[in-house]
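Peer 1: I'd like to ask some things about the structure below.
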Amino acid sequence: MKTPDLQLLTPALFEDLVHRAKESPRLRTNYNFHRNMVDNPHRFLNVMAHGTYIAPHRHLDPPKSESFLVLEGGIAFYTFEDSGKISAVAVLGRDAVGIDIQPGVWHTLAVLSAHAVCFEVKPGPYSAANDKDFAPWAPREGDPGVPAYLKYLLSLVPPY
């Protein structure tokens, strides 16, 4: 059921989004519940296939906190010190169902299962120009160093 005021999260919706993520060149897709980029807060499904890479980043300007809930699958969630040293790793979907991080915390995630469906909430508005401050010590998406860095991150957690 989808009306302007109501949206059910169904297995069929997840199935469609997982298919879209697996077909996407970036191996992920978002499904927004907020109606536009200035809505506040932003609420969306972040659906990712194993092998997607999200460069470590933080939300500093403007400062934004984020919350993630894993609805299906498993992810490793990493936080970092300013130097790039990993400060914490949490396996979501097994150790916990979600995580909430404060503004300005360096973070990324890696999909541990074949796919993961996450519900994410963060303040709007969204502007691509300043949404993320990417870490200078990690490869950016598309960089030749991505496969080795992702393999390293995944080596830090037991198989899911």
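The values are calculated or read from the model by the stated rules, or taken from the named source; none is laboratory data. Being a predicted model, the structure only gives us computed values, none of them experimental. Cβ coordinates were reconstructed from backbone atoms using ideal geometry, including for glycine residues, and neighbour counts include every protein chain displayed.
Peer 1: For residue 18, only one of the following conditions fails: (1) part of a loop (DSSP other than H, G, I, E, B); (2) more than 29 Å from residue 102 (Cβ to Cβ); (3) in contact (Cβ under 8 Å) with a residue 40 or more places away in the chain. What is its number?
Peer 2: (1)
Peer 1: May I pose another question? Among 107, 34, 115, which is closer than 24 Å to residue 147 by Cα, out of contact with any Ser or Thr (no Cβ under 9 Å at 6 or more places or on another chain) and not charged (D, E, K, R)? Can you show your working first?
Peer 2: Values: 107 fails: out of contact with any Ser or Thr (no Cβ under 9 Å at 6 or more places or on another chain); 34 fails: closer than 24 Å to residue 147 by Cα.
One residue alone meets the criteria, 115.
Peer 1: Can you confirm whether residue 43 is at pLDDT below 95 and touching a His at 6+ places or on another chain (Cβ under 7 Å)? Write out each step before concluding.
Peer 2: On the way: at pLDDT below 95: yes; touching a His at 6+ places or on another chain (Cβ under 7 Å): yes.
When the stated conditions are applied, residue 43 passes them.
Peer 1: Would you confirm, using the coordinates I've provided, whether residue 146 is within 21 Å of residue 17 (Cβ to Cβ) and surrounded by 14 or more Cβ atoms within 10 Å (Cβ to Cβ)?
Peer 2: On the way: within 21 Å of residue 17 (Cβ to Cβ): no; surrounded by 14 or more Cβ atoms within 10 Å (Cβ to Cβ): yes.
For residue 146, the condition - within 21 Å of residue 17 (Cβ to Cβ) and surrounded by 14 or more Cβ atoms within 10 Å (Cβ to Cβ) - is not met.
Peer 1: Quick one: would you say residue 131 is closer than 23 Å to residue 156 by Cβ and among the charged types (D, E, K, R)? I'd like the intermediate steps shown before the answer.
Peer 2: Working: closer than 23 Å to residue 156 by Cβ: no; among the charged types (D, E, K, R): yes.
It is false that residue 131 is closer than 23 Å to residue 156 by Cβ and among the charged types (D, E, K, R).
Peer 1: Within the stretch 61-71, is even one residue modelled with pLDDT of 95 or more and in contact with a Ser or Thr (Cβ under 8 Å, 6 or more places away or on another chain)?
Peer 2: Taking every residue of the stretch 61-71 in turn, none turns out to be modelled with pLDDT of 95 or more and in contact with a Ser or Thr (Cβ under 8 Å, 6 or more places away or on another chain).
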